[in-house]
Amino acid sequence: MMVTTHAVVGVAVTAPLLVVAPEFAPVAALAGFAGGVFPDLDLLVGTHRKTLHFPVVGWIVALPAVALATLAPSSATVAVAAFLVAGAVHAGMDAFGAGEEMRPWERTSTDAVYFHLRRRWFRARYWVPYDGSARDLGLTLVGALPGLVLFSGSVRLLCAAAVAVAVPYTLLRKRLPPYFERIV
Ligand SMILES: [Zn+2]
């Protein structure tokens, strides 16, 4: 899935804070956005969907952080919890997309995301056929709604920027591999 999808979903998962602890909602949303983006930095360092993607271990770390933020709420504990939850959600969601490959619509690899505890890859489920597919764009648009409608300021701006990136990326996705190959 596109990093924009993960970013806006990272914001969306923090939306309940608007009801239970509105004073922490903006910082949580910003941290959620960052946590949604963070795992895909392993495109640049290490092995994509392995080095910074933790679909199971991510939750083992995130849940205690959520407990701590609940027991001792502060901007710092809430931000850390939101960041870790968004990162764990990101890694888990990648299992429902395509395999880790330059042209995922060709389906030559079913390696979706690495499961560090078992030292094997979760298989791609293809619910979202590939990053930048129409369904992926739909997820970005729906996922961005809480950020666009319920939040304001920089959270809303970031979600709008994610949509603004996702639309042309989707339109151009199948023409991009030669450029990716030059970068990677
Ligand atoms: Zn990812």
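Assorted remarks:
- Considering region 92-114, and only residues there that are open to solvent by less than 30 Å² (accessible area, probe 1.4 Å) and among the aliphatic types (A, V, I, L, M), the residue that is farthest from Tyr126 (Cα to Cα) turns out to be Val113.
- Selection status of Leu18, surrounded by fewer than 18 Cβ atoms within 10 Å (Cβ to Cβ), farther than 28 Å from Leu71 by Cα and out of contact with any Cys (no Cβ under 6 Å at 6 or more places or on another chain): no
- Long-range neighbours under 6 Å by Cβ, at least six apart or interchain, first residue under 13 Å from Ala81 (Cβ atoms) within region 17-28, second surrounded by fewer than 16 Cβ atoms within 10 Å (Cβ to Cβ): Val27/Ser75
- Criterion: open to solvent by 60 Å² or more (accessible area, probe 1.4 Å), within 12 Å of the ligand (Cβ to nearest atom) and in a helix (DSSP H, G or I) - qualifying residue of Leu41, Leu68, Leu30: Leu41
- Among residues of region 115-130, those that are surrounded by 18 or more Cβ atoms within 10 Å (Cβ to Cβ) and in contact with a helix residue (DSSP H, G or I) (Cβ under 6 Å, 6 or more places away or on another chain), counted: 2
- Failed item in (1) assigned to a loop (DSSP other than H, G, I, E, B); (2) within 16 Å of the ligand (Cβ to nearest atom); (3) open to solvent by less than 40 Å² (accessible area, probe 1.4 Å); (4) on the phi < 0 side of the Ramachandran plot, with Thr51 passing the rest: (3)
- Cross-chain or 6+ apart pairs with Cβ under 7 Å, region 162-184 first and open to solvent by 60 Å² or more (accessible area, probe 1.4 Å), then at pLDDT below 95: Glu181/Met102
- Per the conditions (1) without any contact (Cβ under 8 Å) to a residue 40 or more places away in the chain; (2) out of contact with any helix residue (DSSP H, G or I) (no Cβ under 6 Å at 6 or more places or on another chain), the sole criterion not satisfied by Ala62 is (2).
- In region 33-48, the residues that are farther than 17 Å from Leu158 by Cα reach residues that are more than 8 Å from the ligand (Cβ to nearest atom) and of a type in the set (Ser, Thr, Tyr) with C-beta atoms within less than 9 angstrom, at least six apart or across chains, in these pairs: Pro39/Thr51; Leu41/Thr51; Asp42/Thr51; Val45/Thr51; Thr47/Tyr114.
- Some residue of region 73-91 being of a type outside the set (Val, Ile, Thr), open to solvent by 10 Å² or more (accessible area, probe 1.4 Å), without any contact (Cβ under 8 Å) to a residue 40 or more places away in the chain and within 16 Å of the ligand (Cβ to nearest atom): no
The values are calculated or read from the model by the stated rules, or taken from the named source; none is laboratory data. These numbers were taken from a predicted model, which means no experiment stands behind them. FYI the Cβ positions are ideal-geometry reconstructions off the backbone, even for glycines, and counts take in every protein chain you see. Areas reflect the complete protein model, heavy atoms only, side chains present, ligands, DNA and RNA absent. Shrake-Rupley method; radii C 1.70, N 1.55, O 1.52, S 1.80 Å.
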